[in-house]
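**Student:** Just passing along the structure, written as structure tokens.
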Amino acid sequence: MTQDGWIPTRDAALERLEAFLPDAGVRYARTRNTDEGWSGDEPTGPARRSHVSGLSPWLTRRMLTEREVVAAAVGRHGSDASRKFVEEILWRTYWKGWLARHPSVWDDYEQARKNDAQRVSLHPGRRRVLAQATAGTTGIECFDHWVRELSHTGYLHNHARMWFASIWVFTLGLPWSLGAALFERELLDRDPASNTLSWRWVAGLHTRGKPYVARAANIAKYTGGRFDPRGQLDEHPSPLREDVEHPLEPPPLWPPVEAGPRTGLLVTTEDLAVERSELARLSIAAIAGGRPVEHSDPERESARMRAFDTYALDDGLRRAGRHFVVAPSRLPDGPAWLAAVVQWARAHALERVVAMAPAVGPWESPFERLRTALLAHGIELALTQREWDRLLFPYTDRGYFKLRRQIPRVTALGPEPVHDPGPAPSRIASTGG
């Protein structure tokens, strides 16, 4: 199964990483802002993107980890030549850590997308503009092209995403939350923190009073002249403002899980390389994975996204099964997920379920409900996080440059310890619990 060149397996991710590594040094720094484009009649994918890595759909699910990608780039090019690539990888960590320390931003986004959708629906003019924007019929050629590319491929170059967001907010006058919701639904590499906070940054809400402005000359330059929307864009907008403060919270630091009672492993699309995590050293009696109702809503996720997650989860379960030499159970997706996890845990007489801690976003509520449901049966839910997050989240309270100063520590980490897999591939049992 493939999604326009992004095959949802770790093996495919490793192949793409190896193919891109020769370009992860000075060439990346020189060419990364150029959008090579999409002709409109063929799939796009990592193999067609020589200026960027194309690793993001795998990194989002941690089928590859930031740590191993950084280690590979530094190992190939050295710290200096790979610095720009490492900086860009660290942006993902910055957004995730910043949202973890300002979680009220996510709550506000969730409410804003509902309120803004209702307000737009009651205003005929704005309703018409929103329909044109989502259909790619605004008359702004570059924007309409990116709408089609997003719909057909589930991907946009990062520079195109910034231009798109700026045009959406300032030229079309649409609520940023609805643009973020569109990206959330369509992007294969959708990450709640990167997506939400990047839209806020463009709008001038993250760095207050400093919006990102899409300029026709910049678009023409970095699309190789394919587009030149002179006279069509608002290039002198006022930043958006909000009358709310988002309090800073301590970084969420989950300790390593120690050996203990009879333990089952729950695999989620938050982290699909558990065999390369600290959980890999535990004795595991049972393994299961599935996707809760929040991750099976067609209003929140495209069919392409749901299909990718389904196959990626299956791949993650197989690898976990090989490592722990346990046949994993594929639990049902949707509303039945919660009861199925509890039933699975009880059927295997588990005293503890371990999992990688969820980031701020759609996985938080399912985990909160799961903790309560398991506890009702005397089963503990023990969460942990990667050393990468424990090390870097304390530096994500303010601007990115505080985190960037940690690059020497990051490059000194090296890759995660490699654990030997079990002796044979395991089957995946489809089960209700």
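**Student:** Restricting to bridges with both residues inside the chain, how much of the DSSP beta-bridge set is antiparallel, in percent to the nearest 5?
**Tutor:** In the chain, DSSP labels about 10 percent of beta bridges as antiparallel.
**Student:** Right, another one. With every protein chain left in place, what is the accessible area per residue of the chain in square angstrom, probe 1.4 Å?
**Tutor:** Spelled out: the 1.4 Å probe surface of the chain, per residue, equals 41 Å².
**Student:** How tilted is helix 364-375 with respect to the longest principal axis of the chain? Cα atoms for both, answer in degrees (0 to 90, nearest 10).
**Tutor:** The angle comes out near 20 degrees.
**Student:** Right, next: Quick check: at a probe of 1.4 Å, how many percent of the accessible area of the chain sits on carbon and sulfur atoms?
**Tutor:** Values: 9080 of 17830 Å².
Ligands and nucleic acids excluded, carbon and sulfur give 51 percent.
**Student:** Another question, then. Let me make sure I get this right: for the stretch 1-95, a, b and c are the square roots of the gyration tensor eigenvalues over alpha carbons, sorted descending. Under 1.5 in a/c it's rounded, otherwise prolate if a/b > b/c, else oblate. Which is it?
**Tutor:** oblate
**Student:** From the cross-link list 221/402; 84/221; 96/221; 114/221, which pairs have alpha carbons spaced over 29 Å apart? All intermediate terms of the calculation are to be shown ahead of the outcome.
**Tutor:** Numbers: 221/402 31 Å; 84/221 21 Å; 96/221 31 Å; 114/221 37 Å.
In this structure, 221/402; 96/221; 114/221 exceed 29 Å between Cα atoms.
**Student:** I'm a student and want to see the number: the projected area of the Cα convex hull of the stretch 104-178, averaged over all directions, in nm². Please list the in-between numbers first.
**Tutor:** Working: hull surface 21.0 nm².
The orientation-averaged projected area of the Cα hull of the stretch 104-178 comes to 5.2 nm².
**Student:** With equal scatterers on the alpha carbons only and no solvent term, can you work out the Debye log10 of I(q)/I(0) for the stretch 165-226 at 0.28 1/Å?
**Tutor:** The calculated log intensity ratios at q = 0.28 Å⁻¹ are -1.11.
**Student:** Hey, how many Å between the Cα centroid of the stretch 350-416 and the Cα centroid of the stretch 167-198?
**Tutor:** 24 Å
**Student:** At a 10 angstrom cut-off on C-beta neighbours, averaged per residue, how do the peptides 51-60, 130-139 rank from highest to lowest?
**Tutor:** 51-60, 130-139
**Student:** Each residue of the stretch 393-407 in order: what ³J(HN,Hα) in whole Hz does its phi give by Karplus 6.51 cos²θ - 1.76 cosθ + 1.60, θ = phi - 60°, with x for Gly and Pro?
**Tutor:** Computed from phi, the couplings for the stretch 393-407 are 4, x, 9, 10, 7, 10, x, 5, 5, 5, 6, 4, 5, 8, 4 Hz.
**Student:** Something else now. Given Cβ point charges of +1 (Lys, Arg) and -1 (Asp, Glu) and nothing else, what value in debye, to the nearest 20, does the dipole of the stretch 98-224 about its Cα centre take?
**Tutor:** In debye, rounded to 20, the stretch 98-224 gives about 360.
**Student:** Positive end of the dipole of the stretch 73-227, charges at C-beta (+1 Lys, Arg; -1 Asp, Glu), about the Cα centre: which of 147, 196, 174 has its Cα farthest in that direction?
**Tutor:** Of 147, 196, 174, it is 174.
**Student:** Which whole-angstrom value gives the distance between the alpha carbon centres of the stretch 128-161 and the stretch 62-89?
**Tutor:** Value for the Cα centre distance between the two parts: 31 Å.
**Student:** For the stretch 208-309, state which trypsin sites (Lys or Arg not before Pro) are in a DSSP loop and have at most 16 other beta carbons lying within 10 Å of their beta carbon.
**Tutor:** Passing sites in the stretch 208-309 are 208, 215, 226, 230, 241, 262, 300.
**Student:** How about the stretch 194-281: which GluC sites (Glu not before Pro) there lie in a loop by DSSP and see at most 11 other Cβ atoms within 10 Å? Display every interim value, and only then the final one.
**Tutor:** Values: sites: 235, 242, 245, 258, 270, 275, 278; in loops: 235, 242, 245, 258, 270.
In loop regions of the stretch 194-281 (DSSP not H, G, I, E or B), the sparsely surrounded GluC sites (Glu not before Pro) are 245, 258.
The values are calculated or read from the model by the stated rules, or taken from the named source; none is laboratory data. Here the structure is a predicted model, which means the values were calculated and not measured. Methodologically, a virtual Cβ is constructed for each residue, glycine included, from the backbone with ideal geometry; neighbour enumeration extends over all protein chains shown. Protein only, heavy atoms only, side chains kept; ligands, DNA and RNA dropped before computing areas. Shrake-Rupley method; radii C 1.70, N 1.55, O 1.52, S 1.80 Å.
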